[in-house]
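Peer 1: Structure in structure tokens, see below.
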Amino acid sequence: MRLWRKSLKEKIREQLVPLFPLEEAELELTQPPSSKMGDVALPFPFRLARKIKKPPRHIAEQAQPQLAQIEGLARVEIAGGGYLNLFLDRKKFIKEMVLGKTEKQELAEEKKIIIEHTNINPNKAAHIGHLRNAVLGDTLARCLKYKGEQVEVQNYIDDTGVQVVDVVFGFLELERKTLADIQALSGKLDDYCWDLYTRVSAYLQEHPQAQNKRNVYLKKIEKGEGEEARVAAYISREIARAHLETMKRLDISYDVLPCESSILHLKFWERAFQLLQEKKAITLAQEGPNKGCWIMPLTHRTEKEKVIVRSDGTVTYVGKDIAYQLWKLGLLGLDFYYEPFLQENGHTIWITTHQPTPHQVHFGGGSKVYNVIDTRQSYLQDVVVQGLRRLGYPQEADKSIHFSYEMVALSPQSLRELGLEPPPGEEDRSFYEVSGRKGLGIKANDFLDRLEAKAYHEVDQRNPDLPRPVKEEIAHQIACGALRYFMLKYTRNSLIVFDFDEALNFEGETGPYLQYTYVRIQSIFRKLKERKKIVVEDLITPEKLNQIDLSPLNPQEADEMWDLIYLASLLDEEVLHSIVTLELANLAKFTFNLCQKFNAYYHKYPILAEPEAKIQFLRIITVYYLQNTLSIALQLMGLPLPEKM
RNA sequence: GCGCCUGUAGCUCAGGGGAUAGAGCGUCGGACUCCGGAUCCGAAGGCCGCAGGUUCGAUUCCUGCCAGGCGCGCCA
């Protein structure tokens, strides 16, 4: 852990540079196919072979004695056609890893990183598609914080958009309700609106003439006028609160909720428009179909130019997004006012407002921004980034990252389970897109309830004597773990076709499997204390670890212990790699593999029952190190750590 | 039509210019009077979509084709 690999690489370079014309990129450290062949492989002889016209094997032979001198290496072997395989000094390495601090690293590269995720329209309940977004964003935030970055998490609330307008329209026009009626509604507003939104969508479909009236609503809500705006404000706040509740079940939280209403009232767009005109980032189309519109020419994409301001002078969605992105990067020269929205475990979630407040907090102004949005929006995200470029901010453009991922869709089977019909004309598709408009989707809370109910049943079978609230808490932890792991295990490009059987599974490659592994380690430690009066922490001291003696182990066990510790030590790199590639599935797979290997290990090598103290000690430090590593990995993915389950 | 993404075991998915292509699920067969069986072990199962090209070497890179998905609004 702790960048040992980097320092190893430097030492290797020192040894090799006098011998060979070796470029930085040519010195690559890889993994031999089997740990028996070595811990680290150097394939550079193959790359050099062509360059200096010598056979790889010959190069390897020349390098071998030099490399063998490096401190921390036990030996160096030549394998295959010219691989150099390095074996680490096991005793030294184990000691360093087990004693090594496993806290946050100090590798920050940015002043402040902003992650925008969740961004659910506040007009209906959250569904499973939103959960993928939130889990990815939250996990990225955790990984970046672990790396040492300062991270600010934003959740954008489109409280004046057409989706909210539709629901307001439904309440006032279709249901003839007043604000007071709405406030008096029993039950959860987000669930109520889930159905209402579907009805409104259908109504507007069937009554095109109602569009005009809806547009009046839109204008009033944007301007903040009348009952319409008051209802919109109430609904959007209430539903945003409901979304936060849902996300809290998954241990996901935020720092600030920027609202579109604030952006409108504080004239963020007007400022951005001014900047775009000044820098000639957008132009007024003189002819063609977009005549009279302000458009942005696109150079990277082959799609047509993008309209930013309509011929009637109103701004499009992308235009507002450019203004928002400028604010996030501290380039707009304007800021919101803020007030507390709610308290969660001592943490305040702030919301923006256009009225001055006494609170001296500030958000935005990041040096790097991740926008977690599904892949269908990549074209628009490209437009935003290109806007920055055309405004003369190439660095900021490079640091505006669209963290894109594929959507979550529903399998035909899951549709049937929900009692829903496929949309007309789409009866034999292999998956169905979630659609709030059509009411096609699985509500996040409903699914979490199902997970919790199943988890409770399992816990109850295994630990019937635990008090009910404890069992409920554990069930909650397992449900959270199951859901989060499920959302993380697929790579970003992979469309998740949601299937209840798969998502409700607790065996195999699942969150509960990982949690179970952790719980069993806890259980071993507990029993060591109870039955043998051994307190594991007391054994982990520099003095005791200096005396590590691997010789009592038979070679088979020594290798397996080594493999495990070595694999676990790669966690840090795995996290950094996951950040760079934005493939959090790497971390998920890594942790799963680690658990698998560990489960096999302790199945084979008992700890409590081991009579030989020296062997027991070695097994204990192995388990101790695994427990440490595993708890970090699970927390990075947001999987709770139950004591029992 | 144009752009982006995907095609790997029955299913769901990893991987990746080189040393025997890997998991989970499912199927079949096993496991210690055991530290938790939400576990572990084993078996069966693959022309890595097709065809060319680059390379000493391609499942991986390039091109073309085929198949599927998603985008391409003066909607958000």
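Peer 1: Using the basic label-point model (7 angstrom from Cα toward the beta carbon), what is the A:Gln355 to A:Leu420 distance in nanometres?
Peer 2: In this crude label model, A:Gln355 to A:Leu420 measures out at 3.9 nm.
Peer 1: With a cap of 16 neighbouring Cβ atoms within 10 Å, and only residues DSSP puts in a loop, list the GluC sites (Glu not before Pro) found in region A:44-101.
Peer 2: In loop regions of region A:44-101 (DSSP not H, G, I, E or B), the sparsely surrounded GluC sites (Glu not before Pro) are A:Glu71.
Peer 1: How long are the semi-axes of the ellipsoid equivalent to region A:443-486, from square roots of 5 times the Cα gyration tensor eigenvalues, in whole Å, largest first?
Peer 2: 19, 10, 8
Peer 1: Give the cross-link partners of A:Lys95 among the aspartates and glutamates, using a straight C-alpha distance below 14 Å as the criterion and excluding same-chain residues fewer than 8 apart.
Peer 2: A:Glu543, A:Asp549
Peer 1: Restricting to bridges with both residues inside chain A, how much of the DSSP beta-bridge set is antiparallel, in percent to the nearest 5?
Peer 2: Bridges in chain A are about 55 percent antiparallel.
Peer 1: Using +1 at the Cβ of each Lys and Arg and -1 at the Cβ of each Asp and Glu in chain A, identify which of A:Leu410, A:Gly82, A:Gln325 lies farthest towards the dipole's positive end.
Peer 2: A:Gly82
Peer 1: Rounded to the nearest percent, how much of the accessible area of chain A (1.4 Å probe, protein heavy atoms only) is carbon and sulfur?
Peer 2: Carbon-and-sulfur percentage of accessible area, whole number: 49.
Peer 1: Per residue of region A:522-538, in order, report the coupling 6.51 cos²θ - 1.76 cosθ + 1.60 (Karplus, θ = phi - 60°) as ³J(HN,Hα) in whole Hz, putting x for Gly and Pro.
Peer 2: So the J values, rounded to whole Hz, are 4, 5, 4, 4, 4, 6, 4, 5, 5, 8, 10, 6, 9, 9, 4, 4, 5.
Peer 1: In terms of the Cα gyration tensor, with a ≥ b ≥ c the square roots of its eigenvalues, is region A:4-88 rounded because a/c is under 1.5, prolate because a/b exceeds b/c, or oblate?
Peer 2: oblate
Peer 1: Using only C-alpha positions, report the orientation-averaged shadow area of the convex hull of region A:511-636, nm², one decimal.
Peer 2: Taking the Cα atoms of region A:511-636, their convex hull projects to 8.0 nm² on average.
Peer 1: Can you tell me what the convex hull of the Cα atoms of region A:450-547 projects to on average, as an area in nm²?
Peer 2: It is 9.6 nm².
Peer 1: Hand me the trypsin sites (Lys or Arg not before Pro) from region A:562-645 located in a DSSP loop with no more than 16 other Cβ atoms within 10 Å, in residue order please.
Peer 2: Listed in order of number, the matching sites are A:Lys644.
Peer 1: A further question on this structure: Nearest 10 degrees is fine. How inclined is helix A:189-206 to the longest principal axis of chain A, computing both from alpha carbons?
Peer 2: 50
Peer 1: Okay, moving on. When only Cα pairs under 8 Å and 6 or more residues apart are kept, what is the percent relative contact order across region A:264-346?
Peer 2: Rounded, it is 23 percent for region A:264-346.
Peer 1: Next up: Quick one: Debye curve from the alpha-carbon atoms of region A:113-405 only, equal weights, vacuum; give me log10 I(q)/I(0) at q = 0.08, 0.11 Å⁻¹ to two decimals.
Peer 2: -0.36, -0.69
Peer 1: Putting +1 on Lys and Arg Cβ atoms and -1 on Asp and Glu Cβ atoms, find which of A:Asn155, A:Leu587, A:Leu172 reaches farthest to the positive end of the dipole of chain A.
Peer 2: My answer, from the dipole projection, is A:Leu587.
Peer 1: How many percent of Cα pairs in region A:32-128 exceed 16 Å?
Peer 2: Tail fraction, whole percent: 71.
Peer 1: Averaging sequence separations of C-alpha pairs under 8 Å and six or more residues apart, then dividing by the length of region A:511-636, give the relative contact order as a whole percent.
Peer 2: Averaging sequence separation for qualifying contacts and normalising by length gives 39 percent for region A:511-636.
Peer 1: Given 10 Å bins starting at zero, what is the percent of C-alpha pairs of chain A in each, up to the one with the largest pair distance?
Peer 2: Calculated P(r), rounded to whole percents: 3, 13, 21, 23, 18, 12, 8, 3, 0.
Peer 1: Now, a different point. Give me P(r) over region A:321-417, computed from all C-alpha to C-alpha distances, binned every 10 Å, as integer percentages.
Peer 2: 14, 32, 27, 19, 7, 1
Peer 1: Separate question: Listed highest first by mean packing, meaning other Cβ atoms within 10 Å per residue, what order do A:117-123, A:235-241 come in?
Peer 2: Taking the mean over residues of other Cβ atoms within 10 Å, the ranking is A:117-123, A:235-241.
Peer 1: For chain A, find the longest principal axis of its Cα atoms and tell me its angle to the long axis of helix A:210-223, 0 to 90°, nearest 10.
Peer 2: In chain A, helix A:210-223 runs at an angle near 70 degrees to the longest axis.
Peer 1: Taking Cα pairs under 8 Å and at least six residues apart, what relative contact order does region A:113-405 come out at, in percent?
Peer 2: Value for region A:113-405: 20 percent.
Peer 1: Considering only protein heavy atoms, what per residue accessible area in square angstrom results for chain A with a 1.4 angstrom probe?
Peer 2: 45
Peer 1: How far is helix A:317-328 tilted, in degrees, relative to the longest principal axis of the Cα atoms in chain A, given as a value from 0 to 90 rounded to the nearest 10?
Peer 2: Helix A:317-328 sits roughly 50 degrees off the main axis of chain A.
Peer 1: What is the gain in length, in nm to one decimal, between A:Gln183 and A:Glu427 on full extension, counting 0.36 nm per residue of separation less the C-alpha to C-alpha distance?
Peer 2: Computed gain between A:Gln183 and A:Glu427 is 83.9 nm.
Peer 1: May I pose another question? As I understand it, the dipole of region A:511-636 uses +1 on the Cβ of Lys and Arg and -1 on the Cβ of Asp and Glu, about the Cα centre. Which of A:Ser523, A:Ile621, A:Asn546 lies farthest toward its positive end?
Peer 2: A:Ser523
Peer 1: According to the Cα gyration tensor, what semi-axes, each the square root of 5 times an eigenvalue, does the equivalent ellipsoid of region A:85-151 have, listed from largest to smallest in whole Å?
Peer 2: Working through the eigenvalues yields semi-axes of 38, 16, 10 Å.
Peer 1: Hey, another quick one. DSSP loop (so not H, G, I, E, B), at most 12 other Cβ within 10 Å: list which GluC sites (Glu not before Pro) in region A:481-524 pass both filters.
Peer 2: A:Glu507
Peer 1: Sticking with this structure for a sec: Just the number, please: Stokes-Einstein D of region A:257-353 in µm²/s, Kirkwood Rh from C-alpha pairs, 20 °C, 1.002 mPa s.
Peer 2: D, rounded to a whole number, is 143 µm²/s.
The values are calculated or read from the model by the stated rules, or taken from the named source; none is laboratory data. Note that the coordinates shown come from a computational prediction; the quantities given were computed from them, not determined experimentally. All Cβ positions, even for glycine, are placed from backbone atoms using ideal geometry, and neighbour counts span all protein chains on display. What goes into the accessible areas is simple: the full protein's heavy atoms, side chains included, and nothing from ligands, DNA or RNA. Shrake-Rupley method; radii C 1.70, N 1.55, O 1.52, S 1.80 Å.
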